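Student: What follows is a single structure, and I will ask about it in a moment.
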Amino acid sequence: MAVVETRGLVKQFGEGAAAVDGIDLASADGEFLVLLGPSGCGKTTLLRMIGGLEPPTAGDVLIGGRVVTNLPPRARQIAMVFQSYALYPHMSVANNIAFPLKAAKVPKAEQEKKVAWAAGILGIEGLLDRRPRQLSGGQRQRVALARALVREPNVFLLDEPLSNLDAQRRASARDELQGFQRRVGTTTIYVTHDQVEAMGMGDRIAVINQGRIRQLGTPREIYDDPADTFVATFLGSPPMNLIPRNGHLLGFRPEHVAPRQMLEGAGGDLVPIHFLATREEYLGAERLVYGEVEGAKAVARFPSTVDVPAEPGRGYEFAVLARDLKRFDAATGLRVAGPA
Amino acid sequence: MAGTGTALVGVKRAGARGIIYALATFFALFAALPFAWMIITVFKQNTDLYTRTNNPFLFNEPPTLGNIDLLVTQTKYLTFVGNTLLVAAAVVLITVVATVPAAYSLTRLAGRWGESLGIGIFLVYLVPPTLLFIPLSRIVADVGLNNSRWSMVLVYPTFTIPFCTWLLMGFFKSIPWDIEEQAMIDGYSRLGAIWRTVIPISVPGILTVVVFAFALTLHEFVYALAFVSSSAGKTISVGVTTELIRGDVFFWQALMAAAVIVAIPIALLYNLFLDRFIAGFTLGAVKG
Ligand SMILES: Nc1ncnc2c1ncn2[C@@H]1O[C@H](COP(=O)(O)OP(=O)(O)O)[C@@H](O)[C@H]1O
Ligand SMILES: [Mg+2]
């Protein structure tokens, strides 16, 4: 068990902007830390630098308080699961899982015990004699996890491990993966571009854009108190509405908009929103009403259980609780303190 | 209605199978016929072979072992075979030892230049030996290997290595980087990772290299003719043709015997590896 820390980590590929641009990050012990950001923002590069597969241009990586920046991957006591799972195609599942133990020269009998233990945790005892190509995506993922688990590493590094699964499998895999991490209690750094995975699994989330951390916090903090407009619009679907007003951007979540009279009992100041509805989407559990507020595009989301009139082409007097409004600087996009 | 429909499909399918089998039989016979002819010729007496009205595929006179006896006792055929095997083994070894690291560096370490360099190296293979043997004979003489079978061990890698490097690059390119990096994460150095992942995964590719280097060595003629003139150093391809064609006299039966005796074990050997090759060539194709 160990803490992972990066100090001023930079990676520059050739000319142009840095892929990773000065990242300071420290995990807590046993934490499930998610790196979340759009494709190409530098998540994989950051993870590869932590793993020792990519030498940083500047900065340091510390694992368990020790600087490992110049150590090869094998000296870092980490386990990594690649997006492709990178199973060894020429070995049986059992040998795949035993591979890190062989590298560590663990005695044969001990190896077998460990393989059986790891396979048991992931429920793949029945697959040990198969070859990787005879496995489904979900089974491959479990084999990769068993291989990562088997030598009890300091840290798990996971790079979008669920992206190869179909949507149905992904939901249950999310659940299993988190349960598994809780059981073994190993510090985990998990890379994803999927906000549902990040919100659902992370103890904390680092939101990354263009090689920089935009915000680091619990899922609740990130969602309810975004540090800037990037974080505000990257999370949530549909994302936070941003309305220019008095030189600021006024932000509110679609689910916080409601007719005035429905909010009056909620206790708290109301900020009126004049909402011009243009289009409606019925999604079963909820309705999305698209429209305009003060000339800017906006979305409101209502549960299907409440009957809010919102006919396209008509204006409505909606409101938002003042505490649900966030203000951002129009130029920098950074959060500005104080009420609207 | 449905019944006649399926019956029709069945007839069609049977017809298609019939055509496939007919074609396969035709090509099998087409490929086997020269060998059959060679084997029959080996055991023919001279008068049988040279009588133009005789059917070449039948024994019109009793078969004989005399031609094989001639091959073994009147020429140094066994020495030729020994030389060929020695040269081939040495060339195969040198080729594998050189091409594996070369192809690895070109695919993994040379970046975007790797591909062009690989093609450049392959182009060297296309320069004909009929041109190259002149400068190469100077080199062979300078290192004192004139008239020695070791001259071929020195020179043959100049064409086996370019071709086989290019061949192996294709195999290495199909192995994802991830697998190697995973082995490094799992506790090995880069060399250790290559040894345990890239090499075993590319065994079919390395076997292909072995077969090609072997085959290229077996049928090489120009260099062998240019660099070796004493019977003691000749390989089969040169030894047999220079010593069983005397002036305008062709010892046909002995020539055929010389070819068949080496061809058959090699054919059997290739057959043994056939499954591995096919497995190797389809490795990347099977996904999911
Ligand atoms: N080996 C490399 N050489 C050059 N550029 C690279 C390399 N790896 C990544 N990059 C670039 O660095 C940026 C970040 O990539 P990556 O870390 O893979 O992003 P992510 O995993 O967040 O999608 C991208 O612009 C990508 O093109
Ligand atoms: Mg990535």
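The values are calculated or read from the model by the stated rules, or taken from the named source; none is laboratory data. Every value quoted in this text rests on a predicted model; they were computed, and no experiment measured them. Backbone-built Cβ (ideal geometry, glycine too); neighbour counts: all protein chains shown. Surface accessibility is based on the protein's heavy atoms, side chains included, excluding ligands, DNA and RNA. Shrake-Rupley method; radii C 1.70, N 1.55, O 1.52, S 1.80 Å.
Student: Regarding A:L216, is this residue over 23 Å from A:E5 (Cα atoms) and either within 16 Å of ligand 1 (Cβ to nearest atom) or among the hydrophobic types (A, V, I, L, M, F, W, C) (or both)?
Tutor: no
Student: Just to check your reading of the model, which residue among A:R147, A:R130, A:R142, A:R74 is open to solvent by 10 Å² or more (accessible area, probe 1.4 Å), in contact with a helix residue (DSSP H, G or I) (Cβ under 9 Å, 6 or more places away or on another chain) and facing chain B (nearest Cβ under 9 Å)?
Tutor: Answer to the selection: A:R74.
Student: Still on this model: Please indicate, with yes or no, whether at least one residue in the stretch A:203-213 is surrounded by fewer than 23 Cβ atoms within 10 Å (Cβ to Cβ), small (G, A, S), assigned by TED's automatic domain parsing to the domain that holds A:T44 and more than 14 Å from A:G333 (Cα to Cα).
Tutor: So far as the stretch A:203-213 goes, no, none of its residues is surrounded by fewer than 23 Cβ atoms within 10 Å (Cβ to Cβ), small (G, A, S), assigned by TED's automatic domain parsing to the domain that holds A:T44 and more than 14 Å from A:G333 (Cα to Cα).
Student: Looking at the stretch A:38-60 only, could you name the residues that are crowded, with 16+ Cβ neighbours inside 10 Å, away from chain B (no Cβ under 14 Å) and at negative phi?
Tutor: A:C41, A:K43, A:L46, A:P56
Student: Could you list, in sequence order, the residues of the stretch B:194-207 that are touching a residue at least 12 places away in the same chain (Cβ under 8 Å) and either basic (K, R) or at the interface with another protein chain (Cβ under 9 Å from one of its Cβ atoms) (or both)?
Tutor: Passing the criteria: B:R196, B:T197, B:I201, B:V203.
Student: Please verify whether B:A183 is modelled with pLDDT of 90 or more and more than 30 Å from A:V150 (Cα to Cα), treating the condition exactly as stated.
Tutor: Considered against the rule, which asks whether it is modelled with pLDDT of 90 or more and more than 30 Å from A:V150 (Cα to Cα), B:A183 comes out as no.
Student: So, one more: What's the number of the condition B:T47 fails, among (1) outside the structural domain of B:F172 (by TED's automatic domain parsing); (2) of a type in the set (V, I, T); (3) under 28 Å from B:F171 (Cα atoms)?
Tutor: Only one criterion in (1) outside the structural domain of B:F172 (by TED's automatic domain parsing); (2) of a type in the set (V, I, T); (3) under 28 Å from B:F171 (Cα atoms) is unmet by B:T47, namely (3).
Student: Okay, moving on. Consider A:V289 against the criteria (1) over 24 Å from the mean Cα position of the chain (by Cα); (2) within 28 Å of A:I205 (Cβ to Cβ); (3) surrounded by 16 or more Cβ atoms within 10 Å (Cβ to Cβ); (4) not small (G, A, S): it satisfies all of them except one. Which criterion is unmet?
Tutor: Here A:V289 meets the rest and fails (2).
Student: Please give the helices (runs of 4 or more DSSP H) falling wholly within the stretch B:15-114 in which 1 or more residues are under 24 Å from the mean Cα position of the chain (by Cα) and without any contact (Cβ under 8 Å) to a residue 60 or more places away in the chain.
Tutor: Fully inside the stretch B:15-114 and qualifying: B:77-104.
Student: Another one. Looking for whichever is within 28 Å of the chain's Cα centre (by Cα) and either modelled with pLDDT under 95 or more than 16 Å from ligand 2 (Cβ to nearest atom) (or both) here; the options are A:F99, A:F82. Which one fits?
Tutor: So the residue among A:F99, A:F82 that is within 28 Å of the chain's Cα centre (by Cα) and either modelled with pLDDT under 95 or more than 16 Å from ligand 2 (Cβ to nearest atom) (or both) is A:F82.
Student: Ok, one more. When you look at B:F214, is it surrounded by fewer than 19 Cβ atoms within 10 Å (Cβ to Cβ), away from chain A (no Cβ under 14 Å) and aromatic (F, W, Y), yes or no?
Tutor: For B:F214, the condition - surrounded by fewer than 19 Cβ atoms within 10 Å (Cβ to Cβ), away from chain A (no Cβ under 14 Å) and aromatic (F, W, Y) - is not met.
Student: Hey, does the stretch A:5-17 have a residue that's farther than 27 Å from B:I194 by Cα, away from ligand 2 (no atom under 16 Å from the Cβ) and of a type in the set (V, I, T)?
Tutor: Scanning the stretch A:5-17 turns up at least one residue that is farther than 27 Å from B:I194 by Cα, away from ligand 2 (no atom under 16 Å from the Cβ) and of a type in the set (V, I, T).
Student: Right, another one. Given A:Q181, A:Q168, which one is crowded, with 20+ Cβ neighbours inside 10 Å, under 30 Å from A:L122 (Cβ atoms), assigned by TED's automatic domain parsing to the domain that holds A:K43 and at pLDDT below 95?
Tutor: Being crowded, with 20+ Cβ neighbours inside 10 Å, under 30 Å from A:L122 (Cβ atoms), assigned by TED's automatic domain parsing to the domain that holds A:K43 and at pLDDT below 95 holds for just one of A:Q181, A:Q168, which is A:Q181.
Student: Now for a separate question. Can you list residue pairs whose Cβ atoms sit under 6 Å apart, with the first residue in the stretch A:77-88 being on the phi < 0 side of the Ramachandran plot and the second being polar (S, T, N, Q) and crowded, with 23+ Cβ neighbours inside 10 Å? Count only pairs 6 or more apart in sequence or on different chains.
Tutor: Here the result reads A:L87/A:N96; A:Y88/A:N96, each pair linking the stretch A:77-88 to a residue that is polar (S, T, N, Q) and crowded, with 23+ Cβ neighbours inside 10 Å.
Student: Filter the stretch A:34-55 down to the residues that are touching a Lys or Arg at 6+ places or on another chain (Cβ under 9 Å) and either more than 16 Å from ligand 2 (Cβ to nearest atom) or among the polar types (S, T, N, Q) (or both) and list them by number.
Tutor: A:T45, A:G52, A:P55
Student: So which residues in the stretch A:62-71 are within 14 Å of chain B (Cβ to nearest Cβ) and crowded, with 17+ Cβ neighbours inside 10 Å?
Tutor: Matches in the stretch A:62-71: A:I63, A:V68.
Student: Further question: Within the stretch A:234-266, track down each residue that is more than 21 Å from the chain's Cα centre (by Cα) and in a loop (DSSP other than H, G, I, E, B).
Tutor: A:N246, A:G247, A:V257
Student: Hey, can you tell me all the residues within the stretch B:134-185 that are within 14 Å of chain A (Cβ to nearest Cβ), open to solvent by less than 20 Å² (accessible area, probe 1.4 Å) and small (G, A, S)?
Tutor: Selection gives B:A183 alone.
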